[in-house]
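Some notes on the structure that comes next.
The values are calculated or read from the model by the stated rules, or taken from the named source; none is laboratory data. Just so you know, these numbers come straight off a predicted model, no measurement behind them. Cβ: placed from backbone, ideal geometry, glycine included. Neighbour counts: every protein chain shown.
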Amino acid sequence: MIARTAFVGFCLMTGIAAFGQTLGGSAVYNFMRLQLHPQAGALGGRNVSDLKVDPGMISENPALLRKLHHASVSANFTSLAPTITGLFAVGAYHLKKPSTTVALGVTHLLYGEQAETDAAGNVLGQFRAYDQMIGITASRQYSQHWFYGAGLKFINSKYGAFTSLGLALDVGLNYLNEEKMIQFGFAAKNMGTQLKAYTNAKEDLPFDLVLGVTKQLDKAPIRFSITAQRLHQFDILYNDTLFMENNFGVRSKTGFGTKLLSHFILGTDLLVGDKLVLTMGYNVLRRRELKIQNVATGLTGFSYGCALQLERLRLYYARTHYQSALSHHQISFSFGLARKEN
């Protein structure tokens, strides 16, 4: 009865929080949109339904945190640009008595040192810029196939003299049927507010509603994932018609089909034995937004990677193509501090 009440309350809380969040316009703390784990990156940048042995995937959906992650730690190192480095680390622990799995995660993005100037352009010195986030996640099982979870995130951002503090909440659901080898996932991400704004005016957080399904074929070692992002807003494409007309002599139009497809992300896992996984993804929105007129698009929007899963050590690599000459590499490892119980 208690579990049923908690489950219903969880669903109501998700709906109320999603309804109260501002949907359109610009947002603050956009680093929270980044893909924090190589497997999410290799699957196209978003995936809320593909359960992994690595606890790092809880950055996509807190309901993916499970008992199998007990006493595991995961760390991801990334280089976004020559002066921008990032770290994402998480550790998980299963509490037997309340039958709850909890995790503590840390995100740190350092943007390097920049020149500090006044309004006239005079150099006053140097300043450092960074974004930090600490997250606490908890997940439980409901009935035989359902799992639900929530993650509370504390945000600290500093750009020279400008500082900001924020609080955000992620909630998620996951349905797993191992017999039929199918999963469904849902996550409402980044619901919250600024506790302290950079200036006098507070800004909205980058809220997102994500829904996904993952299915493994019965007679082939292949998993397919379809993920729909930013479901709270139908038209998510940026279309500067004036810029396109002035610079390229065309007026770009986005029809119903283009707007609909821009929500979808496709991913595939190829299971090579029981230790190696090859992954590939395609992000429709990324390819559409980052293409350059009259320039070859290449692999923009595509991503791929691999995972080596040993008994207690797991290594992950992903490469994401943003433009023909710009790609993003991610490397991650996780380690089980204790053998998993059956």
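What the table shows:
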{"read-out": "Any hit, the range 326-337, residues being surrounded by 15 or more Cβ atoms within 10 Å (Cβ to Cβ), in contact (Cβ under 8 Å) with a residue 40 or more places away in the chain and touching a His at 6+ places or on another chain (Cβ under 7 Å)", "value": "yes"}
{"read-out": "Some residue of the range 27-49 being closer than 18 Å to Asn177 by Cα and small (Gly, Ala, Ser)", "value": "yes"}
{"read-out": "Some residue of the range 278-285 being of a type outside the set (Val, Ile, Thr), surrounded by 15 or more Cβ atoms within 10 Å (Cβ to Cβ), touching a residue at least 12 places away in the same chain (Cβ under 8 Å) and more than 22 Å from Ile222 (Cβ to Cβ)", "value": "yes"}
{"read-out": "Boolean, Gly151 is of a type outside the set (A, V, I, L, M, F, W, C), touching a strand residue (DSSP E or B) at 6+ places or on another chain (Cβ under 9 Å) and within 15 Å of Leu64 (Cα to Cα)", "value": "yes"}
{"read-out": "Test for Leu205: is it in a loop (DSSP other than H, G, I, E, B), buried (at least 16 other Cβ atoms within 10 Å of the Cβ) and in contact (Cβ under 8 Å) with a residue 12 or more places away in the chain", "value": "yes"}
{"read-out": "Matching entry among Thr22, Thr85 (being at pLDDT 85 or above and not in a helix (DSSP H, G or I))", "value": "Thr85"}
{"read-out": "Scan of the range 116-132 for residues that are at negative phi and without any contact (Cβ under 8 Å) to a residue 12 or more places away in the chain, ordered by number", "value": "Thr117, Asp118, Ala119, Ala120, Asn122, Val123, Leu124"}
{"read-out": "Answer residue from the range 286-319, given it is surrounded by 14 or more Cβ atoms within 10 Å (Cβ to Cβ), among the polar types (S, T, N, Q) and farther than 16 Å from Arg223 by Cβ and is farthest from the chain's Cα centre (by Cα) among those", "value": "Thr297"}
{"read-out": "Long-range neighbours under 6 Å by Cβ, at least six apart or interchain, first residue under 17 Å from Gly105 (Cβ atoms) and among the β-branched types (Val, Ile, Thr) within the range 141-169, second assigned to a strand (DSSP E or B) and at pLDDT 95 or above", "value": "Ile155/Met133; Ile155/Gly166"}
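Yes/no matrix, rows are residues, columns are (1) outside any strand (DSSP E or B); (2) closer than 13 Å to Asn61 by Cα; (3) charged (D, E, K, R):
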residue	(1), (2), (3)
Arg128	no, no, yes
Thr137	no, yes, no
Gln141	no, no, no
Ala150	no, yes, no
Glu179	yes, no, yes
Phe184	no, yes, no
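Here is a yes/no grid of residues against (1) surrounded by fewer than 24 Cβ atoms within 10 Å (Cβ to Cβ); (2) of a type in the set (Val, Ile, Thr); (3) more than 17 Å from Asp170 (Cβ to Cβ):
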{"residue": "Phe31", "(1), (2), (3)": "yes, no, no"}
{"residue": "Leu34", "(1), (2), (3)": "yes, no, no"}
{"residue": "Leu65", "(1), (2), (3)": "no, no, no"}
{"residue": "Ala71", "(1), (2), (3)": "yes, no, yes"}
{"residue": "Thr83", "(1), (2), (3)": "yes, yes, yes"}
{"residue": "Gly91", "(1), (2), (3)": "yes, no, yes"}
